[in-house]
Amino acid sequence: MGDTADNIPGAPELVQKTAMKLISEFGSIEELFRNTGKLKGKLSEIIENNRDQIEMSKKLATIEQNVPVELNETALELEVPDAIKIKSSF
């Protein structure tokens, strides 16, 4: 369905209610793509014609959880301010 606040396009003409119904029915976008023949009316055409945009939108909306993060606890330690340097800066 997209998200204008995060600039995620989604598929044109696919409203939130319909998008939620499709994901509820098929469980995932990938399963939806495998079953577009089960869709009625223009909905199948909308999904098939916007497949690339739907896949890109999913990628943009997915929070990557496997990001390497290094934590240097020493860099977070509080240091006593250098009063002379502070005074000389004024």
Here the qualifying pairs (Cβ atoms under 6 Å; residues six or more apart or on different chains; first in region 1-19 and closer than 20 Å to Gly41 by Cβ; second surrounded by 12 or more Cβ atoms within 10 Å (Cβ to Cβ) and of a type in the set (Ser, Thr, Tyr)) come out as Gly10/Ser57
Here the residues within region 53-90 that are farther than 30 Å from Ile29 by Cβ and in a loop (DSSP other than H, G, I, E, B) are Glu70, Leu71, Asn72, Glu77, Leu78, Glu79, Val80, Pro81, Asp82, Ser89, Phe90
Determine, yes or no, whether Ala5 is modelled with pLDDT under 90, part of a loop (DSSP other than H, G, I, E, B), of a type in the set (Gly, Ala, Ser) and open to solvent by less than 100 Å² (accessible area, probe 1.4 Å).
no
Counting only residues in region 19-32 that are over 14 Å from Glu55 (Cα atoms) and touching a helix residue (DSSP H, G or I) at 6+ places or on another chain (Cβ under 7 Å), the one most open to solvent (accessible area, probe 1.4 Å) is identified as Phe26
If we keep only residues of region 33-71 that are in contact (Cβ under 8 Å) with a residue 24 or more places away in the chain and under 15 Å from the mean Cα position of the chain (by Cα), then the residue surrounded by the most Cβ atoms within 10 Å (Cβ to Cβ) is Ile54
Boolean, Ser44 is of a type in the set (Gly, Ala, Ser) and in contact with a Ser or Thr (Cβ under 6 Å, 6 or more places away or on another chain): yes
For region 8-18 the number of residues that are open to solvent by less than 30 Å² (accessible area, probe 1.4 Å) and either in a helix (DSSP H, G or I) or closer than 17 Å to Glu48 by Cα (or both) is 3
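The values are calculated or read from the model by the stated rules, or taken from the named source; none is laboratory data. Keep in mind that what you see is a predicted model, and the values were worked out from it rather than measured. Reconstructed Cβ throughout: ideal geometry from the backbone, glycine too, with neighbour counts over all protein chains shown. Side chains included, ligands, DNA and RNA excluded: accessible areas come from the protein's heavy atoms. Shrake-Rupley method; radii C 1.70, N 1.55, O 1.52, S 1.80 Å.
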